[in-house]
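The values are calculated or read from the model by the stated rules, or taken from the named source; none is laboratory data. Note that the coordinates shown come from a computational prediction; the quantities given were computed from them, not determined experimentally. Here the Cβ is made from the backbone with ideal geometry for all residues, glycine too, and neighbour counts use every protein chain on show. Note: accessible area is taken over every heavy atom of the protein model, side chains too, but ligands, DNA and RNA are not part of it. Shrake-Rupley method; radii C 1.70, N 1.55, O 1.52, S 1.80 Å.
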Amino acid sequence: MNFRILTTVAALLYFGLAGQAQAENQQDLEQLKATGNCPRCDLSGVNLSGANLGGVILRDANLKGVNFTGANLRGADLTGANLEGAVLNNANLYGASLTGATLKAASFENANLSFASLMGTNLEGTNFKGSTQQMTNYRGAYFRLTTTPSSVVTSDKPYGWSLQRDIKRDCNKFKLDGASGSVCATDQAPGSSMQPPQQVKN
C-alpha cells in the first residue's frame, strides 16, 4: 500500500515538474516571438525550422537540440549559447555571432556561415559539410572529429593548424576549459604555407 502511494506521488511530482518546465519553455518562446530578444532563455528542443530570426538576441540561451533547419539567423547574436545537438542545416547565419558558443554535435550542413564569428567555440563532433564559409572567424575554436565543408574530419587539435605564424599573440583567453594544447597562433611568415587539418584514418 505504502509502495503504491509513494509511486503515485512520484509520478505526480514528475509530471508536475515536466508541465512546469514546458510552461516556462513556452513563456520564453512567446517572449522570443514578441520581442526578438531572449537572452538566457530556455528554448531547448523547440522547433524553429524556417523561422525568420534575423538579428535576434539569444545570448547565453539554452538552445540544446533546437531545430533551426532553413531558419534565417542573419546577424543573430548567439554569443555563449548552448547549441549542443542543434540542427542548423540550410540556415542563414551570415554575420551571426556564435562566439564562445557550445556547438558540440551540432549540424550546419549546407548552412551559410559567411562573416560569422565562431571564436572560442567547442566544435567537437560538429558537422559543417557543404556549408558556405567566407571570412568565417574560428580563432580559438576547438576542433575534434569536426566535419569540414569538404567532408574532411579533423583530429583532436585546436585551431593552430590553419594559422602557422611567427609572432605569438595573447589568445589563450579563448581557450575552452579542459581543451588540450594552445589555441594561440602567430603571424604568417613570408613564404610559409598553411597546413590543413589532419584527416582521421579509419
- [ ] Give the residues of the stretch 120-139 that are out of contact with any Asp or Glu (no Cβ under 9 Å at 6 or more places or on another chain) and over 11 Å from Ala106 (Cβ atoms), sorted by residue number.
- [x] Gly120, Thr132, Gln133, Gln134, Met135, Thr136, Asn137, Tyr138, Arg139
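Among the residues of the stretch 95-120, what is the count of those that are of a type in the set (Phe, Trp, Tyr) and closer than 18 Å to Ser49 by Cβ?
Step one: of the stretch 95-120, the residues of a type in the set (Phe, Trp, Tyr) are 108, 115.
Filter again for closer than 18 Å to Ser49 by Cβ, leaving 108.
Qualifying residue count, the stretch 95-120: 1.
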Open item on the list: Which numbered condition in (1) over 19 Å from Arg40 (Cα atoms); (2) buried (at least 24 other Cβ atoms within 10 Å of the Cβ) is the only one that Glu124 fails?
Closed with: (2)
Open item on the list: Against the definition (open to solvent by 30 Å² or more (accessible area, probe 1.4 Å), part of a loop (DSSP other than H, G, I, E, B) and more than 20 Å from Phe128 (Cβ to Cβ)), how does Gly65 come out, yes or no?
Closed with: no
Open item on the list: If I filter the stretch 52-62 down to residues being open to solvent by 20 Å² or more (accessible area, probe 1.4 Å) and small (Gly, Ala, Ser), which single residue comes out as nearest to Asp77 (Cα to Cα)?
Closed with: Gly55
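Can you go through Gly45, Gly75, Gly36, Gly16 and tell me which one is modelled with pLDDT of 95 or more and surrounded by fewer than 19 Cβ atoms within 10 Å (Cβ to Cβ)?
Details: Gly45 fails: modelled with pLDDT of 95 or more; Gly36 fails: modelled with pLDDT of 95 or more; Gly16 fails: modelled with pLDDT of 95 or more.
Gly75 is the lone residue from the list that is modelled with pLDDT of 95 or more and surrounded by fewer than 19 Cβ atoms within 10 Å (Cβ to Cβ).
When the residues of the stretch 140-151 are narrowed to those that are assigned to a loop (DSSP other than H, G, I, E, B) and farther than 13 Å from Ser107 by Cα, which ends up most open to solvent (accessible area, probe 1.4 Å)?
Step one: of the stretch 140-151, the residues assigned to a loop (DSSP other than H, G, I, E, B) are 140-141, 145-146, 148-151.
Applying the additional criterion that residues be farther than 13 Å from Ser107 by Cα yields 140-141, 150.
Working: Gly140: 2, Ala141: 0, Ser150: 86 Å².
Going through the qualifying residues, I end up with Ser150.
Only one residue in Asn112, Asn137, Asn89 is open to solvent by 40 Å² or more (accessible area, probe 1.4 Å), closer than 23 Å to Gly36 by Cα and among the polar types (S, T, N, Q). Which one?
Values: Asn137 fails: closer than 23 Å to Gly36 by Cα; Asn89 fails: open to solvent by 40 Å² or more (accessible area, probe 1.4 Å).
Only one candidate passes the filter, namely Asn112.
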Open item on the list: Given (1) open to solvent by 30 Å² or more (accessible area, probe 1.4 Å); (2) of a type in the set (A, V, I, L, M, F, W, C); (3) at pLDDT 95 or above, identify the lone condition not met by Ala81.
Closed with: (1)
